[in-house]
Each structure stands twice: as structure tokens, then as C-alpha cells.
1. Looking for whichever is without any contact (Cβ under 8 Å) to a residue 24 or more places away in the chain, closer than 16 Å to Glu163 by Cα and either crowded, with 24+ Cβ neighbours inside 10 Å or β-branched (Val, Ile, Thr) (or both) here; the options are Val138, Val90. Which one fits?
2. So which pairs qualify, if the first residue must be in region 147-170 and farther than 26 Å from Ala107 by Cβ and modelled with pLDDT of 95 or more, the second must be surrounded by 19 or more Cβ atoms within 10 Å (Cβ to Cβ) and among the acidic types (Asp, Glu), the Cβ gap must be under 9 Å, and the two must be at least 6 apart or on different chains?
3. Could you say whether any residue in region 101-117 is in a loop (DSSP other than H, G, I, E, B) and open to solvent by 20 Å² or more (accessible area, probe 1.4 Å)?
4. In region 141-165, which residues are more than 18 Å from Val6 (Cβ to Cβ) and surrounded by fewer than 13 Cβ atoms within 10 Å (Cβ to Cβ)?
5. Only residues that are under 13 Å from the mean Cα position of the chain (by Cα) and either over 20 Å from Ala77 (Cα atoms) or not aliphatic (A, V, I, L, M) (or both): list them for region 109-122, please.
6. Of the residues that make up region 123-142, is at least one polar (S, T, N, Q), within 15 Å of the chain's Cα centre (by Cα) and assigned to a strand (DSSP E or B)?
Amino acid sequence: MDCREVVAEARELAGRLNLHPRLAFQRLASVGSVLNVGSKEDPARLRELGAVNLDVKLVDEDYGRSIEDVVDVVGDAESLPFRDKSFDTVVLGDVLEHLDDPLRAVAEARRVARRRVVATVPSYPDPRHRWVPTYEEVRRAFPRASICYYEDESWRGFLVVEEVGAAPEE
């Protein structure tokens, strides 16, 4: 899947559903069963697709609110509590930049994904970000992926789709 194809469709869907285009991208690039890693930001975008939402805690400390109602599993992105190939798609939406070892989280996402890993990775400094990657760093993390750069007035970064396995036979 080429991320450029998804970006055009995501902009249109974002307008219809009142979502940020990167959230629409995550939704459109997801196929089959979905694990949403780092689910505190608007998990409803994937919940209606039947996604399992995983976060490291039940309280969003940035906004001082409970996220208990949207988190299905409490767990660590760097050590996912699922068997190999448990989900068709693993979404890493604006989560890698917060981790001590983002490359470990990417490896874990690949391990539990049957078909695809989808990521949105901000590329701007923020006091909460531990990793502000360049294109080259994102390419090293996702060597086989389709990677697009996206920027608007509220967000800039990389949109990633990496195929990790073949689609199931119909």
C-alpha cells in the first residue's frame, strides 16, 4: 500500500468525520483486526472498527483525565502482551516519540501484526517527546515501508504503512 494514495483519501474522510487527517490515515490504512497502541487520543476512530485499545496506564496525565473507558488492555508498547501474529494491523499512532526504545516498539508491532503496521510519527519538538526523528531515522525504523511526510497548521510528521505479511486468501 502506498501511503500517498491513503493521504488523499484521508483528507476527504477527515472532512466528513471531523477528524485530523492523520487520524483518518490511521483508520483508512487499517485492515482486519486492529491493535491500537497508545490509545488515549480519540480511540473512537478505531473502536468502531473493532480495535483493541492498549495504553500504558488508565489515566491521561497530560490532561488529568481517566481513559479507563477507552483502554481495553494496559500494557507496554515495548513488550506487547500478545502472541505472535495476533492482529491483522497494529497502529502506532503518535506513540513512538514518547518511548525509551521506539525501535523495540516497532519490532513488537511487527511481531504481533499479521499483515500491516501503521504509524504516525510527529517530527516536531515537544517537551513530552523523547524522540524527534528525521526522515532517515524513520526509514531505518521502517526499511520496507511506504513513508510520506505530512504537514498542516497543527501537526507535522511521517505517515507510515509497512506490509509485514501477505493478505489472507479469500
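1. Val138
2. As it stands, the answer is none, since no pair meets every condition given.
3. yes
4. Within region 141-165, Pro143, Glu153, Ser154, Gly165 meet the criteria.
5. Correct list: Arg110, Arg116, Thr120, Pro122.
6. No - not one qualifying residue is present in region 123-142.
The values are calculated or read from the model by the stated rules, or taken from the named source; none is laboratory data. What you see is a predicted model, and the numbers here were worked out from it, not measured in a lab. Cβ coordinates were reconstructed from backbone atoms using ideal geometry, including for glycine residues, and neighbour counts include every protein chain displayed. These area figures cover heavy atoms from the full protein model, side chains too; ligands, DNA and RNA do not enter into them. Shrake-Rupley method; radii C 1.70, N 1.55, O 1.52, S 1.80 Å.
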